[in-house]
Amino acid sequence: MFFSPSELQRYDRHFKLPQFGMEAQQRLKAARVLVIGAGGLGSPLLQYLAAAGVGVIGIVDGDVVDRSNLQRQVLFDEHDIGRAKTDAAAERLQALNPHVQIQLHPVFLRSDNALDIIGQYDVVADGSDNFPTRYLVNDACVLAGKPLVYGAVSQFEGQVSVFNWMQGGAGGPNYRDLFPVPPPPGSVPDCSEGGVLGVLPGIIGSMQALEALKIISETGTTLSGYLFVLDALKFETRRFRIRSREDNPLTGIAPTITELIDYEAFCGLSNSIKEHALKEISAHQFLAWRQSGEIFQLIDVREAHEYAEHNLGGDLIPLAEVAQQVSRISRTLPVVVHCRSGARSAQAIRLLEEQFGFENLYNLTGGMLAVENIRTKEGDFS
């Protein structure tokens, strides 16, 4: 495969590696890699794939850049706030290496588009941050016969592995061998709820890039069959063996999954919502209540540092402390419960209704974000 004079200079240090050289760089240039998510993991992953000279890099992400992303999503800066992540990422990557081709998929991955998108690539790297997408990506990669580079972060811990990597004619273990069933809904907070140390996705995403480059270049030994775990606080690492399970519904003795399923339902999300519908109040109605002098209690279930930065004047009861502070919540007045976007407040209401019998709770739809959006457009009603 032909390299221009500019590429020969750019990849000079790769060419000099005794176990890499020109042949491995040619494999990189011919490769097509898909990255799911241009967030905390996707940011370093995409940059190192582009810098290394991967020929075609696909990006799947239907989100826009938010200021809260910038603490860890180093692809973006203040000027990108409000832009589609795919557009902002492509601009940055092309500036980093104009010799690579960037293909954009500005959508969220779903069961009805996953196989079509994944089928276009040789290797898939998952930078998603939720369980339905992780199971979806895994299943689609197994059904499409694609190797999957897995990464995940939570607070101070990160994980990396390689799934469905063909060895000796057979695919290696996959995500369902490691996690046969998803955790209960709400039991594992995402980054917006539990937080994450900003540098951690940079470390884990870089490790994902390393594994993807080894797969493509056929260099070294991958993490297939192992889960690598990093505890960033203690700077301790562990490596666990992953073995294929006979009851794996995709690759076990008697497979039961032959096509993509409803992953929200599989992870217990859509079912729990249907079984337990919450009373809600819109941001417009909430502001109208305040303006009219309606008597109600407002509960803020965010963390103390979020409350200190900005709040709506409600009583602070962090989500983790709700069960211990039930006595502070009125059973006679209407009670509006809110968080940043409505997710944590919904969890708090389900807990209070199911375990403590509350019937007077309203979830603020869209949380503080929705209220602030109205205030910005229409003025402050408080």
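The values are calculated or read from the model by the stated rules, or taken from the named source; none is laboratory data. Computed from a predicted structure; not experimentally measured. Positions of Cβ are generated from backbone atoms using ideal geometry, with glycine treated the same way; all protein chains shown enter the neighbour counts.
Against the condition of a type in the set (Gly, Ala, Ser), closer than 25 Å to LEU227 by Cα, touching a Ser or Thr at 6+ places or on another chain (Cβ under 7 Å) and assigned by TED's automatic domain parsing to the domain that holds GLY40, how does GLY158 come out, does it pass? Judged against the criteria, GLY158 is not a match. Tallying residues that are buried (at least 20 other Cβ atoms within 10 Å of the Cβ), in a helix (DSSP H, G or I) and not hydroxyl-bearing (Ser, Thr, Tyr) within the range 326-346 yields 2. I'm trying to understand the selection: among the residues of the range 64-86, which are in contact (Cβ under 8 Å) with a residue 40 or more places away in the chain, in a loop (DSSP other than H, G, I, E, B) and surrounded by fewer than 21 Cβ atoms within 10 Å (Cβ to Cβ)? Across the range 64-86, the qualifying residues are GLN71, VAL74. I'd like to check something: does the range 285-304 contain any residue that is in a helix (DSSP H, G or I), under 14 Å from GLU372 (Cβ atoms), within 28 Å of the chain's Cα centre (by Cα) and in contact (Cβ under 8 Å) with a residue 12 or more places away in the chain? No, the range 285-304 contains no residue that is in a helix (DSSP H, G or I), under 14 Å from GLU372 (Cβ atoms), within 28 Å of the chain's Cα centre (by Cα) and in contact (Cβ under 8 Å) with a residue 12 or more places away in the chain. Residue-level analysis places ILE57 among those that are buried (at least 21 other Cβ atoms within 10 Å of the Cβ), among the β-branched types (Val, Ile, Thr), in a strand (DSSP E or B) and at pLDDT 95 or above.
Condition check ((1) buried (at least 23 other Cβ atoms within 10 Å of the Cβ); (2) in the same structural domain as ALA212 (by TED's automatic domain parsing); (3) under 17 Å from the mean Cα position of the chain (by Cα)) across all residues:
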position: ARG110; (1), (2), (3): no, yes, yes
position: LEU115; (1), (2), (3): no, yes, no
position: ALA125; (1), (2), (3): yes, yes, yes
position: ASN130; (1), (2), (3): no, yes, yes
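Restricting attention to the range 273-295, the residues that are surrounded by fewer than 17 Cβ atoms within 10 Å (Cβ to Cβ), among the small types (Gly, Ala, Ser) and at pLDDT 90 or above add up to 4. Here the range 176-217 is the region considered, the condition is being over 30 Å from GLN19 (Cβ atoms) and in a helix (DSSP H, G or I), and the residue that is modelled with the highest pLDDT is ARG176.
Got at least one residue in the range 226-248 being more than 26 Å from GLY158 (Cα to Cα), modelled with pLDDT of 90 or more and exposed (fewer than 13 other Cβ atoms within 10 Å of the Cβ)? Taking every residue of the range 226-248 in turn, at least one turns out to be more than 26 Å from GLY158 (Cα to Cα), modelled with pLDDT of 90 or more and exposed (fewer than 13 other Cβ atoms within 10 Å of the Cβ).
Put simply, of ALA38, ALA24, ALA89 the only residue that is in contact (Cβ under 8 Å) with a residue 12 or more places away in the chain, out of contact with any strand residue (DSSP E or B) (no Cβ under 7 Å at 6 or more places or on another chain) and closer than 23 Å to MET207 by Cα is ALA24.
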